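Structure first, commentary second.
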Amino acid sequence: MPIQTNAADIVTVSVMGQVANPALSGLPAEPYRLTADGTPFLWPTFGGIVYNVTVGDSAFGWSGDCIHPSVSIAHPDANKNRGLNVFACVGNEAMITSGAAKGARGVVTGKSGRFSDQVIIHFDQETRRRIAVDDQILVKSEGVGLALPDMPDVAFKSLSPALFDLLPKRVEDGVLKIGICAIVPPHFVGAGAGLTSEGGSLHIQSSDRAELAKHGLDTLRLGDLVAIQDADSRYNHGYLRGAMSIGIVGQTDGPRAGYGPGMTVVMTAPAGQLGCFDAPGTNIADLLEISA
């Protein structure tokens, strides 16, 4: 029996941003960052048009720092960018409205940034070659306000109703269980903890590679669904024993301490109302029929 949602009552509204240029701070004057062991490095970072990293690819092994697959957008006005980041949801349709790729359609696959900076959108590689920085992209935002009338303690974050319908899921003894690729123990939760759960990302710390492999997290792919143990993301991301959050891996690994693959949290509950089951290979590239 289908799980009933309030999708018919949700408001669908447009939000817009433009393709963001990767940025580096002007000060200090050196552009280098530090790895977990203090080694300076200079690698591409998030933002821009990424031509060779796509949802479904490995989240590890790239010579980059928390790279966003495909295209990142933001609005130059901080308040409007906040609206873009809060209202855009994973699974939403996006359309390019200016430039050589005008009219091409894509799909939102994640959000990123310490303070809800950018929205990540997938376009196929042919379209990416025609996109330019500053091109305008419209998102048909739908998902904020999503709820389950029979399970009000499960809170939704940044998830489109259409994608929720596609997720592997079941209800057992009143608990909503989601099919996932791996469980992220609480000691892996890094950057993003303590910040809002309405946008941005929560990172899997990855500097301890042996521990990462021990928990089967070293084979994660961009777009994989994961469960985050003892993570309460109803308002801000924080530790709460017995809580659980569900995330989608949205950006790649990076060498800095406290960082690693970034997750967009899409569901959370505080006290056992949300669970998971093993569903190896569950990835939004397949669920949303994303083409390379």
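The values are calculated or read from the model by the stated rules, or taken from the named source; none is laboratory data. Note that the structure is a prediction, hence the values are computed from the model and not measured. So basically every Cβ, Gly included, is an ideal-geometry build from the backbone, and we count neighbours across all protein chains shown.
So which residues in segment 14-72 are at positive phi and touching a Ser or Thr at 6+ places or on another chain (Cβ under 7 Å)? Walk me through it before giving the result.
Quick first cut of segment 14-72, residues at positive phi only: 38, 47-48, 56, 61, 66, 70.
Passing the criteria: Gly47, Gly48, Cys66, Ser70.
From Asn21, Asn79, which residue is touching a residue at least 60 places away in the same chain (Cβ under 8 Å), in the same structural domain as Val107 (by TED's automatic domain parsing) and out of contact with any strand residue (DSSP E or B) (no Cβ under 7 Å at 6 or more places or on another chain)? Give the derivation first.
Details: Asn79 fails: touching a residue at least 60 places away in the same chain (Cβ under 8 Å).
After ruling out the rest, the residue left standing is Asn21.
Do we find a residue being touching a residue at least 12 places away in the same chain (Cβ under 8 Å), within 22 Å of Thr54 (Cβ to Cβ), touching a Phe, Trp or Tyr at 6+ places or on another chain (Cβ under 6 Å) and of a type in the set (A, V, I, L, M) anywhere in segment 259-267?
no
Take the residues in segment 54-85 that are surrounded by 24 or more Cβ atoms within 10 Å (Cβ to Cβ) and among the β-branched types (Val, Ile, Thr); name whichever of them is farthest from Ile96 (Cα to Cα).
Ile67
Checking Phe115 against (1) assigned to a loop (DSSP other than H, G, I, E, B); (2) at pLDDT 95 or above: exactly one of these is not met. Which one?
(2)
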